[in-house]
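Read the structure below first, then the notes.
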Amino acid sequence: MKIAGWGYQVYPYIPEGVEFKSISAGTAHSLALTKDGKVYAWGRNDLSPCNVPQEIQGKVKFISAGSRQNIAVFQTEGEKLK
């Protein structure tokens, strides 16, 4: 699958072969969660909603984009999610 969008967006570089689990759209930015727990973010970044913390990359299970913020549920070391 590939991601397509339109309107006021700046598209991220997404390598070939990346498989997505979910996508979420905020007011002026978007998030995409890969099957291996990485998050791609793009769009307007005036309040830093596109700055994904490196310490959660590869551990994210769920994402949600708000108007000016994002939420990620991620797994910590040794923890098992149900």
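The values are calculated or read from the model by the stated rules, or taken from the named source; none is laboratory data. Just so it is clear, the structure is predicted and the values come from calculations on it, not from any experiment. Please note: Cβ atoms are built from the backbone with ideal geometry, for glycine as well, and neighbour counts cover all protein chains shown.
A few remarks follow.
- Qualifying residue in region 27-36 (condition: of a type outside the set (A, V, I, L, M), modelled with pLDDT of 85 or more, under 21 Å from Gln75 (Cα atoms) and part of a strand (DSSP E or B)): yes
- Residues that are polar (S, T, N, Q), loosely packed, with under 13 Cβ neighbours inside 10 Å and modelled with pLDDT of 90 or more within region 37-68 comprise just one, Gln54.
- Among the residues listed as Gly37, Gly78, Gly58, Gly43, the single one being over 25 Å from Gly17 (Cα atoms) and either without any contact (Cβ under 8 Å) to a residue 12 or more places away in the chain or not acidic (Asp, Glu) (or both): Gly78
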